[in-house]
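Coordinate-derived values only; no laboratory data. The structure presented is a predicted model; accordingly, all values stated were derived computationally and were not measured. Ideal geometry is used to build each Cβ from the backbone, glycine not excepted, and the neighbour counts take in all protein chains shown.
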Amino acid sequence: MPLSSSRPRRPAVLAALAATVALVLPAAGPAAADHTPQPGLVVLVGSLQSELGCPGDWQPGCTATELLPVDDEPGVYRATFDVPAGDYATKVAVNGSWAENYGAGGVAGGADIPLQAPGGAVTFTYDHATHLLTDDLPDAVGEQQSAHWLSREVVAWDADAVPAAASFRLYGARDGGLALTDGAITGATQSYLLRRSGDTLPADLAADVPHLADLAPLRLPRSSRPQVDDLLRGQLLVAALDADGRVLATSGVQVPGVLDDVYAGAADRELGLSWGRGGGRGHRPHLALWAPTARSVTLHVYETGSGGEPLVSAPMVVDRDGVWRATGERSWEGRYFLYEVEVFVPETGRVEHNLVTDPYSVGLSTNSGRSLLVDLDAPALAPAGWDDLAKPDLARPEQLSLYELHVRDFSITDDTVPADHRGTYAAFTDAGSDGMTHLRDLAGAGLNAVHLLPVNDIATIEERRSQQLEPPCDLASFPPDSPEQQACVAEVAGQDGFNWGYDPLHWTVPEGSYATDPEDATRIREFRDMVAALNGTGLRVVQDVVYNHTSDAGQDGRNDLDRIVPGYYHRLDPTTGAVETSTCCAGTAPEHTMMGKLVVDSLVTLVQTYKLDGIRFDLMGHHPKQNILDVRAALDELTPERDGVDGSAVYLYGEGWNFGEVADDARFVQATQANMAGTGVGTFNDRLRDAVRGGTPFSDPRVQGFASGLLTDPNAAETRTAAEQRDRLLLAQDQIRVGLTGNLRDYRFTDRTGAQVTGADVDYEGQPVGYTADPQEAVTYVSAHDNETLYDALALKLPQDTATADRVRVQTLALATTALGQGVSFWHAGSEQLRSKSLDRNSYDSGDWFNVLDWSGRTNGFGRGLPPAADNEDSWDLMRPLLADPALQPAPTGIAAARDAADALLAVRASTPLFSLGTAELVQQKVSFPGAGPDQTPGVVTMEVDDTVGEDVDPDVSRVLVVLNASPETTTQVVPGAGAVTWVLHPALAAGADPVVRGSSVDGDTVTVPARTAAVFVAR
């Protein structure tokens, strides 16, 4: 049989798993008139009518599809039509109108009846006595997958939707081919009567699948248990039958639940590649693949990463946990392998032989063609001093200042980096480059961690540099507001070397396009070199991981999970069986045991192999909370002595957004913002972000916020009254106050109305602002790779005539809301130097041109043309005058001023322990907001941290006073008790390059701070 090794580049969204064919269930429809004793006209209606001579579809009066009376069969109507091949929906209409119509199961006004026509003559028969419409084709069955096999004993289905059902059966066909013929299922090799045992699922099962709790449990007989393994290796179908044994409805079957039950032992197995120890012949590769529905698995070993015949083809042995195993030879090290999985694929309806890579791969050939037999402990793969790599000091997570950086952005346009290193891991080892000099300067100022956008194996980047396309235009020759740049970039999008990387293929292998050679183990060694170089610069390393989705799914997808265990690793719609895509793409299902295990095992391997200091989860809210806690527990077990890394020091954080099919804990308790309180796992704080910037990512981009001039400097788009603006601004200031505490849920303070409230009492779009139980659970940011950069957001929101010097001050003030808070501070790379993406709100595939990051300080990236049409065209008219305005393109002096101001903020944070108190108790005890309440000054937030209360956190400073003045005017604030001590401007600001902030002062209880300034004072 020919092998299937499909590796096409596929669209990110899979429409459906069409494994088995249509669920035929009666459904609610329009009320029908009384049954007509003798119809005058019976018409076949549906989506096929236009193909059969009618002027359109669903035409109840079209005689071209009339069914004629059958002689000697009263009440029976029949006709034969030449139906083109295709999928259609049909019904019967009586007497030329919709007043009397019959659908699936003969129900008046019932559901459409699906028809899969192979092309050619089809005879349709309608029996007016039963109202059943039939045809002479073998009926397709189970197109939708609304039945769920949850355990050995129980199948769940909406049995109430078939009220006429007298019994239910599970059918199995080892090689597929189930069909519905003359009201009976044909082609089955096994079938079992299912006994309904209640109206809803028992509590233990309902707890595991709450979204299915209302389905009826249908129990398998004991006699089926020895056959469960065999049933799971073929086609499955559940049917409802009437008292005469006639099929009323069918459904395909989703199997993740029963796979988790039957093969539960696999959760404790070591999967993927491991090596025997002891030297000599003991150093042999061991391979293990979980494929419980496979009929056979063959291991193919190759000399090279592509082409050629296998050196070895060896059958693997399966055990009771569904794990297939093989042990190889020591000589295999450095060679490549694939698995050939023989498995029934519901999508195609037949047994396939799939050539697949290992989901647990730790090395790959170019473009992920084959898995690499690599020993990660090989000395040749370790940089000098790797075993004793010293980590930058960090006493607690709240001290983190994170810097979100893309590997390719970092060096692809840096001409101080050797040409063959640009855009690669190796560029981080070029200590004298502009980029590394800049990172060293940031680290010297106080930055202490780099967050790398996804560096796992990426599905959509060509790894061979010689094959990566460049835009075929002189991009720099076009005007700053031209559409030509984006059109030219779009010509090669998906074929160039750029992508954010949120389309993973293999999770535990570094991306090959970021290596100087994508073949062999080069990427492993160079990734380690990068980590060592960054650590040596004083920067910890965080990896951004994307386990919530894959780039695609299905038999024709490039991702192999569905080709190994079809229908298991992805989250499916509970009725249709289609892959859920709310994440953007084919959503995975870490609530399933072995997908959850893959997440944990992969991260343990990554942390051990690359000595990572943190993990950032993309769309973490689509993970179960328990999955993230399992990661935390597994990492906590890693010790420097045994594993070479202190796993307990690895900081975890992610996007705790609550949306999609899992929203509001619909399928499990999610890892969302509120749910992660008390776990120590951080989530991104969108509350402070939106309060500072203004609006949300989904609102008019001109909506202003605290930093961008709401009320204090309104732009031309503002239509609200001054009173309305004031109300919104004071709410934003309360949201910022809560954010400065680390977004604490229970922090108590005086709000804008004068009431005593907690952080959770303050509103954010109908949700509580405060949701954390510990400051480390808030990742505080005002800009990230998503949405417009901070500079671009301010370009859209500030009045257009705002001078560059003021834009620098506003940018700095916005960054100060993260740097001077109690949570983890997070900056988007380049925010410190006014980085722009030419107003692009979604630059994931916008190429190097729009994602430019210029360390030389000559350009910030503004005015490089209208951003790509796909995500931005609806705002082009708004963007044109801004991009064309030369005053909005900062000169190198403005960029340098922003850099200097940002350095000063980092230095303030790093040198002042009172900005990272570390517990909710200390924050409540020491942090206060003078001037809050109904009489507060719009555009000003004042915060004090008093170290004279409670334990002494900072032996050098007794009190810190922060004033954030976002208004365009100097502010004078009264801080009761301030005159009791002597205040000085923070040394980092006093010694900094900004002369304006040095004009800030404290005189008795009166504090004066210039316009658009973040001032920090300390008392000794």
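With a/c under 1.5 counting as rounded, go ahead and sort segment 472-592 into rounded, prolate or oblate using the C-alpha gyration tensor (a ≥ b ≥ c being the square roots of the eigenvalues; past the cut-off, prolate if a/b is larger than b/c, else oblate). The shape class here is oblate. Which of the trypsin sites (Lys or Arg not before Pro) found in segment 137-181 are in a DSSP loop and have at most 15 neighbouring Cβ atoms, other than their own, within 10 Å? Of the trypsin sites (Lys or Arg not before Pro), the ones in loops of segment 137-181 whose Cβ has at most 15 other Cβ atoms within 10 Å are ARG152. Mind checking the angle between helix 722-740 and the chain's longest principal axis? C-alpha axes, 0 to 90 degrees, to the nearest 10. The helix 722-740 is inclined about 90 degrees to the chain. Using C-alpha pairs below 8 Å separated by at least 6 residues, the relative contact order for the chain is 9 percent.
In terms of packing, defined here as the mean over residues of other Cβ atoms within 10 angstrom, the peptides 614-622, 779-787 line up highest first as 614-622, 779-787. Within a Cβ distance under 9 Å of TRP855, other residues only, what is the Lys/Arg minus Asp/Glu net charge? Residues close to TRP855 contribute a combined charge of -3. Counting only Cβ charges, +1 for Lys and Arg and -1 for Asp and Glu, the dipole size of the chain around its Cα centre is about 1540 debye.
Could you tell me which of rounded, prolate or oblate describes segment 42-135, using a ≥ b ≥ c as the square roots of the eigenvalues of the alpha-carbon gyration tensor, with rounded for a/c under 1.5 and, failing that, prolate when a/b is larger than b/c and oblate otherwise? Judged from the Cα gyration tensor, segment 42-135 comes out rounded (a/c under 1.5).
Taking amide H as placed 1.01 Å from N in the peptide plane, the amide H of HIS451 sits under 5 Å from that of TYR403, GLU404, LEU405, VAL542, each at least 5 places away or on another chain. Between ARG196 and ASP393, residue separation times 0.36 nm minus the direct Cα-Cα distance comes to 64.8 nm. The fewest-to-most ranking of SER361, SER856 by surrounding Cβ atoms within 10 Å reads SER856, SER361.
Sparse packing (at most 16 other Cβ atoms within 10 Å of the Cβ) combined with a DSSP loop state is found for none of the GluC sites (Glu not before Pro) in segment 454-513. Remark on LEU505: its backbone amide H falls under 5 Å from those of ASP457, ILE458, ALA459, a criterion applied only to residues 5 or more positions apart or on other chains, H modelled at 1.01 Å from N.
Set Lys and Arg Cβ to +1 and Asp and Glu Cβ to -1, take the dipole of the chain about its Cα centre, and tell me which of VAL374, GLY857, PRO392 lies farthest positive. Checking the options against the dipole of the chain, the answer is PRO392.
Under a model in which nothing but the beta-carbon of Lys, Arg (+1) and Asp, Glu (-1) is charged, segment 42-135 shows a dipole of about 180 debye around its Cα centre. With the simple model of a label 7 Å out from the Cα in the direction of the Cβ, GLU329 to ASP420 spans 3.3 nm. Note the angle between two axes, namely the Cα long axis of helix 625-636 and the longest principal axis of the Cα atoms of the chain, as a number of degrees from 0 to 90, rounded to the nearest 10. With both axes taken from Cα atoms, the answer is about 60 degrees. Out of all Cα-Cα pairs in segment 151-293, roughly what percent, to the nearest whole number, are more than 17 Å apart? Summing the P(r) of segment 151-293 above 17 Å gives 66 percent of all pairs. A simple packing score, the average count of other Cβ atoms within 10 Å per residue, orders the peptides 747-755, 530-538, 845-853 as 845-853, 530-538, 747-755, with the highest score first.
Between helix 892-911 and the chain there is an angle of about 90 degrees, using the helix long axis and the longest principal axis of the Cα atoms. Between ALA991 and CYS584, the modelled label-to-label distance comes to 4.2 nm, taking each label 7 Å out from Cα in the direction of the beta carbon. Taking θ as phi - 60° and the Karplus parameters 6.51, -1.76 and 1.60, the scalar couplings of segment 335-340 work out to 9, 10, 8, 9, 9, 9 Hz in sequence order, x denoting glycine and proline. Sequence-ordered 3J(HN,Hα) estimates for segment 369-375 from the Karplus curve with 6.51, -1.76 and 1.60 and θ = phi - 60° stand at x, 9, 7, 9, 7, 10, 9 Hz, glycine and proline given as x.
Would segment 264-381 count as rounded, prolate or oblate if I go by the C-alpha gyration tensor, calling it rounded below 1.5 in a/c and otherwise prolate when a/b exceeds b/c, oblate otherwise? It comes out oblate by the Cα gyration axes. In loop segments of segment 714-820 as defined by DSSP, the GluC sites (Glu not before Pro) with at most 11 further C-beta atoms inside 10 Å of their C-beta are GLU765. With Cα atoms defining each centre, segment 588-644 and segment 327-387 are spaced 21 Å apart in the structure.
Close amide-amide hydrogen proximity is noted between ALA586 and LEU14, THR550, ASP552, each under 5 Å apart and 5 or more residues distant or on a separate chain (H modeled in the peptide plane; Pro and chain starts excluded). Shown in residue order for segment 425-440 are the 3J(HN,Hα) couplings computed by the Karplus curve 6.51 cos²θ - 1.76 cosθ + 1.60 at θ = phi - 60°: 4, 4, 4, 6, 9, 8, 4, x, 6, 4, x, 6, 5, 5, 4, 5 Hz (x for Gly and Pro). Label 7 Å along Cα→Cβ of ALA184; segment 120-145 residues with amide nitrogen under 18 Å? Residues 135-141 fall inside that zone.
Charge tally around ASP885: other residues with Cβ under 10 Å, Lys/Arg +1 each, Asp/Glu -1 each, net -1. Neighbours of ASP112, meaning other residues whose beta-carbon lies under 13 angstrom from its beta-carbon, give a summed charge of -2 when Lys and Arg score +1 and Asp and Glu score -1.
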